[in-house]
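Participant: My questions all concern the structure below.
The values are calculated or read from the model by the stated rules, or taken from the named source; none is laboratory data. These numbers were taken from a predicted model, which means no experiment stands behind them. Neighbour counts are summed over all protein chains in view; Cβ atoms, including those assigned to glycine, are modelled from backbone coordinates with ideal geometry. Just so you know, the surface numbers come from the protein's heavy atoms only, side chains and all, with ligands and any DNA or RNA stripped out. Shrake-Rupley method; radii C 1.70, N 1.55, O 1.52, S 1.80 Å.
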Amino acid sequence: MSKPQVLVTMKHISEIAINLLRERFDVKICDSMLATRAEILKEIPGKFAIYCSPLTKIDEELIKTAGPSLKVVATFSVGYDHVDLTALKKYGIRFGNTPDVLTETVAETAVGLLISTTRRFSEATHALKTGGWKNVTPDWMCGRGIRNSVVGILGCGNIGTSIAKKLKTFEISQLLYTSRTEKPAVKALGGKLVNVDELVEQSDFIIISIALTEDTKFIINKERIAKMKSHAVLVNIGRGGLIDQDALIEALQENRIGGAGLDVMTPEPLPLDSPLIKMNNVVLLPHIGSATIETRREMAIIVAKNIIAVLDNSAMPYEVLL
Ligand code: 8YV
């Protein structure tokens, strides 16, 4: 009897994960490094599962094209703003993601981005490599220190809480956070629950660590950017759509805020003619928040196990209940 089929939309997935899948499924890995929409639509008919990344939009068209064989969508990410959950529910398709295993890695990225942005590491590296390290004065490449500063974490889920714990060791003067409910773990660190406007107005450093939903889209908009301190540094490890990027670019161009450290942006990959590319007060990373060898391996295995659980009609390691 032929095995059910899984479509994998990315190459270079951990062999351990692919082998787990191969024990139970026929595995089709898309031909392109990162499958295009056309390729996915061509390959999806008859598949039992799709193993996808945030760059694969999962919507009703794709589900209908797959047909009734499609039973599970498993994303190689904690975030799932690329997935139409209503459509999945309508067609009775189960859905899994990969939280927890990436929490510490993404929190490390946030702290790293914060330091590199406020201490101007990219700009300084560029200066050194292009002959700018000469006749330097004491104010050359000076940034603002994190010690004694007010840090605001916008969205204090697991990743935000981990960022808060890491930053406490920097002897900051105050930790602010937003959340739907008070977080005992963050309160225990001295964190103060505030609303978004208070956080934006009072913080020297703002770290965005919140899921992108209809409610949080452009949570950092023109008005809120205008309320930020003139030296404020904004770090985003969530999703590009959380920020009104045009308004941010305008504020950075006019030096109305101190800088931005972005692991996520709009669109991704960022076009090389984006004004962000040339800005000295911006540090850009190509969405590598969870990119450690260990974390990516663990994520890959969870995605495989999420899919296998549906074949076995059992509990997924990480199911998003629809
Ligand atoms: C990506 C992420 O999944 O977990 C998320 O939500 O955005 C990342 O971990 C990863 O970059 C692979 O595309």
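Participant: Can you name the residue in region 161-180 that is open to solvent by less than 60 Å² (accessible area, probe 1.4 Å) and not in a helix (DSSP H, G or I) and, of all such residues, is farthest from D100 (Cα to Cα)? It would help to see each step written out before you state the result.
Facilitator: Taking region 161-180 as the starting set, the residues that turn out to be open to solvent by less than 60 Å² (accessible area, probe 1.4 Å) are 161-164, 166-167, 172, 175-179.
Filter once more, keeping what is not in a helix (DSSP H, G or I): 172, 175-179.
Working: I172: 26, L175: 23, L176: 23, Y177: 20, T178: 20, S179: 18 Å.
Among those residues, the one meeting the criterion is I172.
Participant: Among the listed residues L262, L284, L272, identify the single one that is within 16 Å of the ligand (Cβ to nearest atom), within 20 Å of H126 (Cβ to Cβ), open to solvent by 50 Å² or more (accessible area, probe 1.4 Å) and of a type in the set (A, V, I, L, M).
Facilitator: So the residue among L262, L284, L272 that is within 16 Å of the ligand (Cβ to nearest atom), within 20 Å of H126 (Cβ to Cβ), open to solvent by 50 Å² or more (accessible area, probe 1.4 Å) and of a type in the set (A, V, I, L, M) is L284.
Participant: Something else now. Any residue at all in region 229-237 that is touching a residue at least 12 places away in the same chain (Cβ under 8 Å), within 22 Å of A107 (Cα to Cα) and surrounded by fewer than 23 Cβ atoms within 10 Å (Cβ to Cβ)?
Facilitator: no
Participant: Among the residues of region 53-74, which ones are more than 16 Å from the ligand (Cβ to nearest atom), crowded, with 17+ Cβ neighbours inside 10 Å and touching a residue at least 40 places away in the same chain (Cβ under 8 Å)?
Facilitator: K71, V72
Participant: Still on this structure, I have one more. Quickly run through region 109-145 and pick out the residues that are open to solvent by 30 Å² or more (accessible area, probe 1.4 Å) and within 16 Å of the ligand (Cβ to nearest atom).
Facilitator: G112
Participant: Got a sec? Which of N148, N195, N158 is touching a residue at least 24 places away in the same chain (Cβ under 8 Å), open to solvent by 70 Å² or more (accessible area, probe 1.4 Å) and closer than 26 Å to K217 by Cα?
Facilitator: Matching residue, one of N148, N195, N158: N158.
Participant: Restricting the search to region 262-307, which residues are more than 25 Å from W140 (Cβ to Cβ), touching a residue at least 40 places away in the same chain (Cβ under 8 Å) and β-branched (V, I, T)?
Facilitator: Selection gives I288, T292, T295, I301, I302, V303, I307.
Participant: Does region 290-298 contain any residue that is within 14 Å of the chain's Cα centre (by Cα) and farther than 28 Å from I146 by Cα?
Facilitator: yes
Participant: Here is a further query. Do we find a residue being more than 24 Å from E268 (Cα to Cα), away from the ligand (no atom under 16 Å from the Cβ) and in a helix (DSSP H, G or I) anywhere in region 89-108?
Facilitator: yes
Participant: Looking at G96, G131, can you tell me which residue is within 28 Å of I163 (Cα to Cα) and either modelled with pLDDT of 95 or more or charged (D, E, K, R) (or both)?
Facilitator: G96
Participant: I want to confirm something. Restricting to region 27-52 and keeping residues that are open to solvent by 70 Å² or more (accessible area, probe 1.4 Å) and touching a residue at least 12 places away in the same chain (Cβ under 8 Å), which single residue is farthest from the ligand (Cβ to nearest atom)?
Facilitator: Looking at the filtered set, the residue picked out is R37.
Participant: Continuing with this model, one more query. Looking at A226, is it more than 16 Å from the ligand (Cβ to nearest atom) and open to solvent by 50 Å² or more (accessible area, probe 1.4 Å)?
Facilitator: Judged against the criteria, A226 is a match.
Participant: Give region 208-222 a look and list any residue that's open to solvent by less than 30 Å² (accessible area, probe 1.4 Å) and in contact with a Gly (Cβ under 7 Å, 6 or more places away or on another chain), or say none. It would help to see each step written out before you state the result.
Facilitator: Taking region 208-222 first, the residues open to solvent by less than 30 Å² (accessible area, probe 1.4 Å) are 208-209, 216, 219-220.
Of everything in region 208-222, those that are open to solvent by less than 30 Å² (accessible area, probe 1.4 Å) and in contact with a Gly (Cβ under 7 Å, 6 or more places away or on another chain) turn out to be I208, S209.
Participant: In region 75-82, is there at least one residue being β-branched (V, I, T), within 23 Å of I293 (Cβ to Cβ) and in contact (Cβ under 8 Å) with a residue 24 or more places away in the chain?
Facilitator: yes
Participant: Could we say that Q253 is of a type in the set (S, T, N, Q) and in contact with a Pro (Cβ under 8 Å, 6 or more places away or on another chain) here?
Facilitator: When the stated conditions are applied, Q253 passes them.
Participant: If only one of I16, I58 is within 23 Å of the chain's Cα centre (by Cα) and under 24 Å from P99 (Cα atoms), which one is it?
Facilitator: Exactly one residue qualifies, and that residue is I58.
Participant: Within region 287-322, track down each residue that is open to solvent by 70 Å² or more (accessible area, probe 1.4 Å), within 29 Å of K217 (Cβ to Cβ) and either in a helix (DSSP H, G or I) or in contact with a strand residue (DSSP E or B) (Cβ under 7 Å, 6 or more places away or on another chain) (or both).
Facilitator: Within region 287-322, R296, L322 meet the criteria.
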